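The values are calculated or read from the model by the stated rules, or taken from the named source; none is laboratory data. No experiment lies behind these values; they were computed from the predicted model shown. We place every Cβ from the backbone using ideal geometry, glycine too, and count neighbours over all the protein chains shown. These accessible areas exclude ligands, DNA and RNA; they are computed on the full protein's heavy atoms, side chains included. Shrake-Rupley method; radii C 1.70, N 1.55, O 1.52, S 1.80 Å.
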Amino acid sequence: MGALVVRWFEFFARRPLWLVTGLLVVLGLAASGALRLRFTEDVLGLLPKEDPTVVETRLALGRFHGLERMVVALENDTADALARDVDEAESRLAGVSGVTSIVARVSKEAQDDIATHYLGTAPLLFDEPMKQATEQRLTREEFQRRLQQHIDRQAGSEGISVADSFRADPFGLNELVLRRFERLNSGFDGSLVGGRLFSKDQRMAVLLVEADFPASDTGRGLDFLADVRAALAELPGKSAAHVIGAHASSVDNATVLRSDLHLTVAASVIGVLLLFLVAFRSATPMLLAALSAGFGFAVAMGVQAWTRGEISAISAGFAGVLMAISLDCAIHLSAGFAGTEGDRTQRARLALAHVALPSSMAVLTTIVAVATLRLSSFDGLHQLCEMGIVGMAAALAFSLLAGPQMLRKAGPMPKSESVLGKALGAAESARARLRWVLLGVAALVTAGAALLVPRVAFDGDVTNLDGKSGRTRAAETRVQQAFGTDSLRRTLVVTGGENLESALRENDLAAQALHAAGARYESAAWVIPARQTQRENLGRWRAFFNDARIAEIKRAMVEARATRPDGGEVRFAEGVVEKRFAAFFEAMRAKADPELLDAESLRKRPVWSLMANFVQERDGRLWVGTTAQLADDQLGTLRAGVPSALVVNKAAFVSRMIVLIQRDLALMGGLSLALVVGLVWLTFRRVRESLIALVPVLGSLLWTLGAMGALGIEFNIINTLVTVFIAGLGIDYGVFFVQTWRECGDTAQAAKRLRVAGTGVLLAALVNLAGFGAMSLASHPALFSVGITTLFGIASSLGLTLFVVPTLLELGGRRAA
């Protein structure tokens with residue numbers, strides 16, 4: 001390997017334009033493709049595309065966008081001031097560009113529609129839940145209570161109208177219909193006060209706002225959210241405004257990612273610059289490393305563009321960070337160049353001969369480890385795998401071909417030992433004196449870490465990777481406190497049909513299945529069932545109010561007693577009940593078929609504003625959404641009752657993601673280690689040397705898992721790939737040390753060469769710490785989880801390489817080259 005690359009070095013030294021031209025051609029092809037690359041921001045695109053749970057979630061969210069509503073919650077200690085501010089906020093928000101609809105109250109027109117179209121429709125809405133509620137009302141106690149209220153109110157100015165309404169509906173069955181509209185609160189457990197949706201303590205009210213663009217459009221979302229918050233500032237009643245929902249969360253994520261990007265990039269760039277200046281005191285090694293990583297990333301992006309045409313922005317970001325691993329060859333080459341004597345050409349040739357094989361083996365083992373990402377269930381890791389392999393291979397090629405030529409022309413001249421070299425010398429001296437102590441400490445830490453590994457948990461909830469701001473999280477907490485902890489955490493059930501009638505019928509079946517499962521839910525089926533369902537409800541009503549039931553109701557009414565204002569008793573004789581409440585009993589018997597509710601007609605009426613949130617049109621079909629609170633066993637009942645329904649259930653989704661994460665961790669971690677072990681064995685062909693080379697990777701994995709268990713850091717769909725990173729980095733360091741040791745003829749030469757190799761390993765590790773470790777400064781949970789876990793892995797790999805591997809090599813004696 002060394003002889004081959006030296007021949008290439010000699011060739012390009014004589015024909016430098018060939019090398020420059022070849023690199024520019026490759027870079028041009030890559031750039032032409034990268035310019036056409038489309039970046040996607042769909043988080044679901046990172047998940048397994050063929051997994052049934054993910055497919056169902058994607059379909060449900062794609063066809064029913066009700067979850068993308070923005071929720072504006074106003075808070076005030078005074079109910080009157082809160083009501084005035086709701087009206088003012090509605091007026092202001094109507095003038096915000098991008099707002100398509102606002103639901104702040106049940107309008108007067110909608111209330112009139114309800115009175116016109118729904119009073120007397122109880123037989124058409126008589127489903128099982130209403131049947132149960134009706135049965136609870138048809139008692140002597142309920143009639144007696146309502147009779148007393150009727151007598152008390154009849155003494156007032158509205159006596160005649162009160163009498164008429166009481167005779168027509170003495171048990172308040174129409175109230176059951178009207179309360180269904182009150183409960184259509186889109187997941188908020190409150191009540192209607194003056195047509196406005198208030199919390200039960202009447203200190204918070206909500207407005208539902210829809211925008212004319214998706215929440216994923218964070219560019220528009222940033223200005224839109226600013227306009228919304230400006231419109232809600234300084235309301236007349238001094239109500240505090242809380243804005244939550246998909247748009248707010250998306251903007252928060254984009255803002256936090258942008259801020260974190262500036263912070264982490266600045267921290268990593270400054271850290272890398274300082275490290276190179278301290279180590280080499282020359283710009284050329286730094287330029288070599290930057291060009292190497294940049295060339296690798298550009299080629300990877302180009303190949304991705306020509307093969308896929310698009311990539312997740314998140315995957316591309318992590319691939320860029322992954323390029324930090326590809327700096328190792330350039331760093332070792334620069335370290336070897338700085339640690340040899342002679343003119344620049346001689347030093348470049350010698351450094352290349354020494355570095356080529358171990359660097360190539362290190363990169364090859366890393367590529368093998370990264371290749372296991374292709375076996376992951378998550379599509380985002382497939383993209384990362386492809387970019388990582390291409391990028392690292394291209395960066396290695398650039399370092400081995402162009403690196404020596406750059407150093408030959410402008411490499412640093414030999415200087416006194418750098419601060420980094422002196423620090424390494426001090427560490428080496430300490431290791432030589434305390435090698436048994438250090439081995440003992442390493443053994444104890446390893447044993448302790450092994451005990452902590454079982455404490456590592458798995459978090460499949462992708463919402464925990466959400467970079468919401470503290471402001472948004474506090475707003476969500478306040479809304480949940482006011483409207484109930486489940487107001488923002490519900491299962492979404494989506495059914496569809498070719499037309500509104502068929503979609504409503506499917507939704508009715510879903511509502512029936514939810515009721516059968518014992519779940520709490522809110523559904524358009526309460527107030528606008530399909531025509532077929534209305535006929536079934538009417539049949540249920542007639543079966544329920546049979547002759548025996550009506551006789552039982554009459555007895556309850558006869559037994560009831562009330563008191564007049566003058567103290568006299570009010571009661572009904574058995575022969576009077578039928579006559580006095582003739583309209584009521586006529587409705588109970590329902591001999592004539594009432595006119596059915598027509599969804600298409602109601603769709604054109606103001607009352608539809610209360611149901612529009614449940615019905616949406618997508619892909620030429622009508623889709624109806626229902627929100628519910630479901631336990632695991634209830635979810636099975638729902639799926640069995642309505643197999644065609646699309647169900648988005650957080651608990652089931654999280655459970656499925658945890659299974660996939662555990663599978664990936666076992667498969668990728670185990671397979672990458674097995675492949676690396678096999679490759680190391682093929683390289684060294686000696687059990688002892690192979691095991692020593694594996695010490696950094698095995699030890700660092702164990703130490704990292706132990707640290708995660710101790711600190712309560714959980715595995716998620718993002719930091720699962722850290723195991724592959726650690727395997728790739730740890731094996732790089734171990735292979736480089738063992739290969740350098742093998743190439744030395746005696747102990748003195750080995751000590752000198754390991755000193756140079758150690759400088760390269762130390763600088764490579766510190767550069768990776770600056771790159772990956774900078775992410776531990778991030779506020780975004782996804783970036784932080786990767787940064788902190790990789791920080792543990794790199795630090796432990798470095799410590800084991802510098803303080804344990806040399807001792808293990810020395811204990812076995814020398815082997816001739």
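If I go through segment 698-737 residue by residue, how many of them are part of a helix (DSSP H, G or I) and at pLDDT 85 or above? Give the steps one after another, and end with the answer.
In the first step, residues of segment 698-737 are kept if they are part of a helix (DSSP H, G or I); the result is 698-711, 719-737.
Then keep just the ones that are at pLDDT 85 or above; that gives 698-711.
The number of residues fulfilling the criteria is 14.
Taking Asn174 and the conditions (1) in contact with a Leu (Cβ under 6 Å, 6 or more places away or on another chain); (2) assigned to a strand (DSSP E or B); (3) of a type outside the set (A, V, I, L, M), which numbered condition does it fall short on, given that it satisfies the others?
Asn174 satisfies all of (1) in contact with a Leu (Cβ under 6 Å, 6 or more places away or on another chain); (2) assigned to a strand (DSSP E or B); (3) of a type outside the set (A, V, I, L, M) except (2).
Regarding Arg344, is this residue out of contact with any Lys or Arg (no Cβ under 9 Å at 6 or more places or on another chain) and either at positive phi or surrounded by fewer than 18 Cβ atoms within 10 Å (Cβ to Cβ) (or both)? It would help to see each step written out before you state the result.
Numbers: out of contact with any Lys or Arg (no Cβ under 9 Å at 6 or more places or on another chain): no; either at positive phi or surrounded by fewer than 18 Cβ atoms within 10 Å (Cβ to Cβ) (or both): yes.
No: the conditions fail for Arg344.
Yes or no: segment 538-555 includes at least one residue that is within 17 Å of Leu173 (Cα to Cα), modelled with pLDDT of 90 or more and of a type in the set (Asp, Glu).
Within segment 538-555, one or more residues are within 17 Å of Leu173 (Cα to Cα), modelled with pLDDT of 90 or more and of a type in the set (Asp, Glu).
When you scan segment 233-270, how many residues do you find that are in contact (Cβ under 8 Å) with a residue 24 or more places away in the chain and farther than 30 Å from Gly771 by Cβ?
Final tally of qualifying residues: 14.
Can you tell me which residues in segment 228-261 are more than 24 Å from the chain's Cα centre (by Cα), of a type in the set (A, V, I, L, M, F, W, C) and not in a loop (DSSP other than H, G, I, E, B)?
Correct list: Val228, Ala230, Ala231, Ala240, Ala241.
Is it the case, given these coordinates, that Gly771 is open to solvent by less than 10 Å² (accessible area, probe 1.4 Å) and under 30 Å from Thr472 (Cα atoms)?
Values: open to solvent by less than 10 Å² (accessible area, probe 1.4 Å): no; under 30 Å from Thr472 (Cα atoms): yes.
It is false that Gly771 is open to solvent by less than 10 Å² (accessible area, probe 1.4 Å) and under 30 Å from Thr472 (Cα atoms).
Being of a type in the set (Val, Ile, Thr), within 24 Å of Leu439 (Cα to Cα) and open to solvent by 30 Å² or more (accessible area, probe 1.4 Å) is the filter here; which residues of segment 663-698 pass it?
Val677, Val687, Val695
Test each condition in (1) at pLDDT below 90; (2) within 40 Å of the chain's Cα centre (by Cα) for Ala115 and report the one that comes out false.
Against the list (1) at pLDDT below 90; (2) within 40 Å of the chain's Cα centre (by Cα), Ala115 comes up short only on (2).
One line per residue, one yes/no per condition, for (1) within 29 Å of Val355 (Cα to Cα); (2) modelled with pLDDT under 90; (3) open to solvent by 10 Å² or more (accessible area, probe 1.4 Å):
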{"site": "Phe398", "(1), (2), (3)": "yes, no, yes"}
{"site": "Lys415", "(1), (2), (3)": "yes, yes, yes"}
{"site": "Gly421", "(1), (2), (3)": "yes, yes, no"}
{"site": "Arg431", "(1), (2), (3)": "yes, yes, no"}
{"site": "Ala443", "(1), (2), (3)": "no, no, yes"}
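Counting only residues that are open to solvent by less than 40 Å² (accessible area, probe 1.4 Å) and of a type in the set (Val, Ile, Thr), which one in segment 616-638 is nearest to the chain's Cα centre (by Cα)?
The qualifying residue nearest to the chain's Cα centre (by Cα) is Thr627.
State the number of residues belonging to segment 743-768 that are over 21 Å from Ala279 (Cα atoms) and open to solvent by 40 Å² or more (accessible area, probe 1.4 Å). If you could, list the steps in order and put the result at the bottom.
Narrowing segment 743-768 to residues over 21 Å from Ala279 (Cα atoms): 743-750.
Applying the additional criterion that residues be open to solvent by 40 Å² or more (accessible area, probe 1.4 Å) yields 743, 745-749.
Here the count works out to 6.
Check Gln383, Gln405 and return the single one that is closer than 16 Å to Ser292 by Cα and among the polar types (S, T, N, Q).
Values: Gln383 fails: closer than 16 Å to Ser292 by Cα.
Result: Gln405 is the single residue among Gln383, Gln405 that is closer than 16 Å to Ser292 by Cα and among the polar types (S, T, N, Q).
Check Ile331, Ile325, Ile311 and return the single one that is assigned to a helix (DSSP H, G or I), among the hydrophobic types (A, V, I, L, M, F, W, C), surrounded by 23 or more Cβ atoms within 10 Å (Cβ to Cβ) and at pLDDT below 80.
On the way: Ile331 fails: at pLDDT below 80; Ile311 fails: assigned to a helix (DSSP H, G or I).
Going through Ile331, Ile325, Ile311 in turn, the sole match is Ile325.
With the requirement that a residue be of a type in the set (S, T, N, Q) and over 28 Å from the mean Cα position of the chain (by Cα), what does segment 292-306 give you? It would help to see each step written out before you state the result.
Taking segment 292-306 and keeping what is of a type in the set (S, T, N, Q), we get 292, 304.
Scanning segment 292-306 gives a single hit, Ser292.
Would you confirm whether any residue within segment 605-615 is open to solvent by 60 Å² or more (accessible area, probe 1.4 Å), farther than 30 Å from Ala104 by Cβ and not in a helix (DSSP H, G or I)? So that I can check it myself, show each step before the final result.
So the first thing to find is which residues in segment 605-615 are open to solvent by 60 Å² or more (accessible area, probe 1.4 Å), and the list is 605.
Checking which are farther than 30 Å from Ala104 by Cβ leaves us with none.
No.
Mind listing just one residue for me: the one in segment 639-662 that is farther than 30 Å from Asp508 by Cα and crowded, with 21+ Cβ neighbours inside 10 Å and, of those, nearest to the chain's Cα centre (by Cα)?
Met657
If you scan segment 76-106, which residues turn out to be open to solvent by less than 40 Å² (accessible area, probe 1.4 Å) and out of contact with any helix residue (DSSP H, G or I) (no Cβ under 6 Å at 6 or more places or on another chain)?
Hits for segment 76-106 are Ala79, Ala81, Leu82, Ala83, Asp85, Val86, Ala89, Val106.
Every residue in segment 262-292 that is open to solvent by 30 Å² or more (accessible area, probe 1.4 Å) and in contact with a Leu (Cβ under 9 Å, 6 or more places away or on another chain), please.
Looking only at segment 262-292, we keep the residues that are open to solvent by 30 Å² or more (accessible area, probe 1.4 Å), and these are 262-263, 265-267, 269-270, 272-275, 277-278, 281, 283, 286-287, 290-291.
Answer for segment 262-292, where residues must be open to solvent by 30 Å² or more (accessible area, probe 1.4 Å) and in contact with a Leu (Cβ under 9 Å, 6 or more places away or on another chain): Leu263, Ala267, Val272, Leu275, Val278, Ala283, Met286, Ala290.
Based on this model, can you work out whether Leu225 counts as under 24 Å from the mean Cα position of the chain (by Cα) and at pLDDT below 80? Reasoning before the result, please.
Numbers: under 24 Å from the mean Cα position of the chain (by Cα): yes; at pLDDT below 80: no.
No; evaluated as a whole, the condition is false for this residue.
Residues being open to solvent by 40 Å² or more (accessible area, probe 1.4 Å) and touching a Pro at 6+ places or on another chain (Cβ under 8 Å): count how many of those fall in segment 118-141.
Total satisfying the criteria: 1.
Give segment 364-396 a look and list any residue that's open to solvent by 10 Å² or more (accessible area, probe 1.4 Å), among the β-branched types (Val, Ile, Thr) and in contact with a Gly (Cβ under 9 Å, 6 or more places away or on another chain), or say none.
Ile367, Val368, Val390
Only one of Gln148, Gln202 is part of a helix (DSSP H, G or I) and either modelled with pLDDT of 85 or more or touching a Gly at 6+ places or on another chain (Cβ under 6 Å) (or both); which?
Working: Gln202 fails: part of a helix (DSSP H, G or I).
Answer to the selection: Gln148.
Take the residues in segment 400-413 that are small (Gly, Ala, Ser) and surrounded by 18 or more Cβ atoms within 10 Å (Cβ to Cβ), then tell me which one is modelled with the lowest pLDDT. Full working, then the answer.
So the first thing to find is which residues in segment 400-413 are small (Gly, Ala, Ser), and the list is 402-403, 410-411.
If we keep only those that are surrounded by 18 or more Cβ atoms within 10 Å (Cβ to Cβ) as well, we get 402-403, 411.
Values: Ala402: 93, Gly403: 90, Gly411: 82.
Out of the qualifying residues, it is Gly411.
Exactly one condition in (1) within 21 Å of the chain's Cα centre (by Cα); (2) open to solvent by less than 20 Å² (accessible area, probe 1.4 Å) is false for Leu207; which is it?
Tallying (1) within 21 Å of the chain's Cα centre (by Cα); (2) open to solvent by less than 20 Å² (accessible area, probe 1.4 Å), Leu207 fails exactly one: (1).
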